[in-house]
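Here is the structure we will look at, set down as structure tokens.
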Amino acid sequence: MSRFDQYFLMKTADIIDYTLEKMPDHPWDRDSMQCKEIGDGNLNYVFRVWDQSGHSVIVKHAGEALRISADMKVSVDRNRIESEILQLQNVYAPGLVPEIYMYDTVMSACIMEDLSDHQLMRYALMEHKTFPRFAEDITTYMVNTLLMTTDVVMEHKAKKDLVKSFINPELCEITEDLVLTEPYMDLNSRNLVFPANQAFVERELYQDKALHLEVAKIKFDFMNNAQALLHGDLHTGSIFVKQDSTKVFDPEFAFYGPIGYDVGNVIANLIFAWDNGHAAGNQAFCDWVLATIEEVVDLFVKKFLAAFDAHVTDPMARVAGFKEAYLAGILSDTAAYTGTELNRRTVGMAQVKDVTTIQDPDKRAYAERLNILCAKDLIMNRAQFTKGSDYVAAIHRAAAAAK
Ligand code: SR1
Ligand code: MG
């Protein structure tokens, strides 16, 4: 019998015992072991455990109530989903995700590689650091984890087994509400609208019926297009970086959905970094962000087409013209979900520090108007966004219109 045989919400004081019990063969220097809670996400508890001999791990633990709001309860099965997808992605995209050492469905916890030598990408971008490998790495990660889990590549029954295993209704419901509904109608009265933009948000988001119709189509595509095994929350707070390495973590929102959702989340979060650099007047950083957005889209397309040729075997998927049609759908979705991520992080309950830490209220209001105008362009004209320069042009258009 162990005290970890039945779920309870672990605290820092429990984690060393837990780690020793679950990693008995690790060469810990027991007397010098320490633990600290380091999580700053919205959902889970993240502990770093280390000793003076240089060993360290991360223990991630799901609580029944979310950190962002004690009223929100979500299945702790999310920890299994996250652990299993990271193990799978380590096969498809080796070196681009942290290694999972073990996971435990009783305590809803996993023990994984410590990436403390990396920095959380959102914070690094807020310091206006640039990462020359990022576009290359993130597009490899996306093409390898996404295209390879579709049924144009996988044996169809094996793919459906994965759909079953990664059914994630409660986390998807968060996205359906927070990303794909509430920014357009504040049904649960939990949107956070920057006061200077209240009238703008009412007009541009809450009263625009044509926008609502397009977002409704996008929402039901998110819920019904079981295209690939997504990360599901691929923002810059889910990515660790250093100059020569990129690691994508935190895929607890994983499920089978439209590929464009992951790609769009990356692009939108780069736009938030641009907002921050622009407010600070850092032109060189903004130029790097725009070049990176362009490269992410164009490299994604290039690698996707090459991987399609190399891996797709289904005879109908090889019919002339199908590859281009399939990609066109993904690119249109990418633009749409870039737009929905821009809107939800600007007016929804889960915002991003890149924008909320802009101190000058006029500059923050400007950044938020820019995000919303850019989002609407992306959503309403989504089929026209086929290459990286289309996104850069949209950001310039929104920057001019938001003045
Ligand atoms: C209630 S959770 C709020 C947000 O945090 C996560 O990172 C997801 O983006 C979710 O929408
Ligand atoms: Mg997260």
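Summary table
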{"read-out": "Number of positions in the range 58-71 that are loosely packed, with under 15 Cβ neighbours inside 10 Å and away from ligand 2 (no atom under 12 Å from the Cβ)", "value": "5"}
{"read-out": "Residue count for the range 233-284, restricted to those that are aromatic (Phe, Trp, Tyr), closer than 21 Å to residue 168 by Cβ and open to solvent by 10 Å² or more (accessible area, probe 1.4 Å)", "value": "4"}
{"read-out": "Complete set of residues in the range 240-267 that are touching a Phe, Trp or Tyr at 6+ places or on another chain (Cβ under 8 Å), closer than 21 Å to residue 378 by Cβ and among the hydrophobic types (A, V, I, L, M, F, W, C)", "value": "263, 267"}
{"read-out": "Meets criteria (more than 19 Å from residue 174 (Cα to Cα), out of contact with any Asp or Glu (no Cβ under 8 Å at 6 or more places or on another chain) and exposed (fewer than 15 other Cβ atoms within 10 Å of the Cβ)) for residue 5", "value": "yes"}
{"read-out": "Residue list for the range 33-47, restricted to those being within 14 Å of ligand 2 (Cβ to nearest atom) and surrounded by 15 or more Cβ atoms within 10 Å (Cβ to Cβ)", "value": "39, 41, 42, 43, 44, 45, 46"}
{"read-out": "Checking residue 55 against (1) touching a Phe, Trp or Tyr at 6+ places or on another chain (Cβ under 7 Å); (2) within 15 Å of ligand 2 (Cβ to nearest atom), the condition it does not meet", "value": "(2)"}
{"read-out": "Residue under evaluation residue 25, criteria (1) exposed (fewer than 15 other Cβ atoms within 10 Å of the Cβ); (2) closer than 30 Å to residue 161 by Cβ, criterion not met", "value": "(2)"}
{"read-out": "Any hit, the range 240-256, residues being of a type in the set (D, E, K, R) and within 16 Å of ligand 1 (Cβ to nearest atom)", "value": "yes"}
{"read-out": "Close pairs from the range 115-143: first of a type in the set (A, V, I, L, M), partner in a loop (DSSP other than H, G, I, E, B), Cβ under 6 Å, at least 6 apart", "value": "115/98"}
{"read-out": "Output for the range 207-232, where each listed residue is free of Cβ contacts under 8 Å to residues at least 40 places away in the same chain, over 30 Å from residue 158 (Cβ atoms) and either open to solvent by less than 40 Å² (accessible area, probe 1.4 Å) or of a type in the set (A, V, I, L, M, F, W, C) (or both)", "value": "212, 213, 216"}
{"read-out": "Residues located in the range 344-373, provided they are away from ligand 2 (no atom under 16 Å from the Cβ), of a type outside the set (Val, Ile, Thr) and either over 18 Å from residue 181 (Cα atoms) or within 15 Å of the chain's Cα centre (by Cα) (or both)", "value": "359, 360, 361, 362, 363, 364, 365, 366, 367, 368, 369, 370"}
{"read-out": "Those residues of the range 203-253 which are aromatic (Phe, Trp, Tyr) and within 16 Å of ligand 2 (Cβ to nearest atom), in sequence order", "value": "240, 249, 253"}
{"read-out": "Residues of the range 353-380 satisfying the condition of being among the acidic types (Asp, Glu) and touching a Lys or Arg at 6+ places or on another chain (Cβ under 7 Å)", "value": "354, 377"}
{"read-out": "Members of the range 8-46 that are within 29 Å of residue 236 (Cβ to Cβ) and among the polar types (S, T, N, Q)", "value": "12, 19, 34, 42, 44"}
{"read-out": "Checklist (1) more than 16 Å from ligand 2 (Cβ to nearest atom); (2) closer than 29 Å to residue 274 by Cα applied to residue 98, failing item", "value": "(1)"}
{"read-out": "One residue from 106, 74, 46, 59 being closer than 27 Å to residue 133 by Cβ and either without any contact (Cβ under 8 Å) to a residue 24 or more places away in the chain or of a type outside the set (D, E, K, R) (or both)", "value": "46"}
{"read-out": "Residues (assigned to a loop (DSSP other than H, G, I, E, B) and closer than 13 Å to residue 252 by Cα) located in the range 67-124", "value": "74, 75, 76, 77, 108"}
{"read-out": "Residue within the range 312-321 that is surrounded by 14 or more Cβ atoms within 10 Å (Cβ to Cβ), assigned to a helix (DSSP H, G or I) and among the charged types (D, E, K, R) present", "value": "no"}
{"read-out": "Subset of the range 91-106 [crowded, with 17+ Cβ neighbours inside 10 Å and within 29 Å of residue 136 (Cα to Cα)]", "value": "92, 93, 96, 97, 98, 100, 101"}
{"read-out": "Residue check, residue 192 more than 30 Å from residue 317 (Cα to Cα), aliphatic (A, V, I, L, M) and more than 15 Å from ligand 1 (Cβ to nearest atom)", "value": "no"}
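The values are calculated or read from the model by the stated rules, or taken from the named source; none is laboratory data. Remember, predicted model here, so these are calculated numbers, not experimental data. Every residue, glycine among them, receives a Cβ derived from its backbone with ideal geometry; neighbour counts consider all protein chains shown. Ligands, DNA and RNA are stripped out before the accessible areas are found, and what is left, the full protein with its side chains, is counted by its heavy atoms. Shrake-Rupley method; radii C 1.70, N 1.55, O 1.52, S 1.80 Å.
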